[in-house]
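What follows is a single structure, written as structure tokens, with notes after it.
The values are calculated or read from the model by the stated rules, or taken from the named source; none is laboratory data. Keep in mind the model is a prediction, meaning the values are calculated, not measured. Methodologically, a virtual Cβ is constructed for each residue, glycine included, from the backbone with ideal geometry; neighbour enumeration extends over all protein chains shown.
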Amino acid sequence: MITATCRVLATVGLLSAATVGLSACNTVTGMGQDASAVGHDVSKGAVATQKAVTSNTGLATH
């Protein structure tokens, strides 16, 4: 027979595992958003560089 103490410990354990699992999902999502932001910044830098090369040299970059 399961005692009240065992039930409490099992409940606390399950809630702790759920909390850790949910926080990990949040972390992975945030990391994906950060990586996406870096990609957008690199693209903006590439476009700015391409425009600078074109305007300063008169040469097409494609």
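Could you tell me whether the stretch 8-15 includes any residue that is assigned to a helix (DSSP H, G or I), exposed (fewer than 10 other Cβ atoms within 10 Å of the Cβ), at negative phi and of a type outside the set (D, E, K, R)?
No: the stretch 8-15 contains no residue that is assigned to a helix (DSSP H, G or I), exposed (fewer than 10 other Cβ atoms within 10 Å of the Cβ), at negative phi and of a type outside the set (D, E, K, R).
Are any residues in the stretch 16-62 hydroxyl-bearing (Ser, Thr, Tyr) and part of a helix (DSSP H, G or I), and if so, which ones?
Ser16, Thr19, Ser23, Thr27, Thr29, Ser36, Ser43, Thr49, Thr54, Ser55, Thr57
Quick one: how many residues across the stretch 12-48 are at pLDDT 90 or above and among the hydroxyl-bearing types (Ser, Thr, Tyr)?
Matching residues across the stretch 12-48 total 2.
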